[in-house]
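Let me begin by presenting the structure, written as structure tokens, before commenting on it.
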Amino acid sequence: MGSSKSSLHAKTFVVDRKTVFIGSLNLDQRSVSQNTEIGVLFEAPVLAQKIADEFEHHIDDAAFRVELKADEYGRERLYWHGLVNGKRTTLDHDPYTSFLKRLGISLMKWLPIESQI
């Protein structure tokens, strides 16, 4: 069969290590007002603690930490810290993006889509 670039994936978050949300809702205006999203919010301190502990244990190996820092010219820039090919690395551009993709994203900043961000 053909492949699709779209996918469904759940979002999970924990509030105060007591309350858990599991669902499809992105935390942005478009998801709240236009998309059909679903989720469950429930209190479960034991489960919430387990999810939070697992997240803290694995996050450094699974995601990049983003830092806002002034460069040598005093301009604020984003830096990504994380694993690339098994080595701790700091990047000055979005990880795993090509020059053309970053150029396209830069051009989209000029579009009037503020309400969708």
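Laboratory data are not the source of any read-out in this text; all were calculated from the coordinates shown. Predicted, not measured: the structure shown is a model, and the values here were computed from it. Note that each Cβ is placed from the backbone with ideal geometry, even for glycine, and that neighbours are counted across all protein chains shown.
Condition first: without any contact (Cβ under 8 Å) to a residue 24 or more places away in the chain, surrounded by 13 or more Cβ atoms within 10 Å (Cβ to Cβ) and among the hydrophobic types (A, V, I, L, M, F, W, C). Now tell me which residues in the stretch 16-54 satisfy that.
Correct list: F21, I22, L25.
Restricting attention to the stretch 69-114, which residues are closer than 30 Å to S33 by Cβ, small (G, A, S) and surrounded by fewer than 10 Cβ atoms within 10 Å (Cβ to Cβ)?
Of everything in the stretch 69-114, just one residue is closer than 30 Å to S33 by Cβ, small (G, A, S) and surrounded by fewer than 10 Cβ atoms within 10 Å (Cβ to Cβ), namely S106.
For the stretch 33-87, name all the residues that are aliphatic (A, V, I, L, M) and in contact with a helix residue (DSSP H, G or I) (Cβ under 7 Å, 6 or more places away or on another chain).
L83
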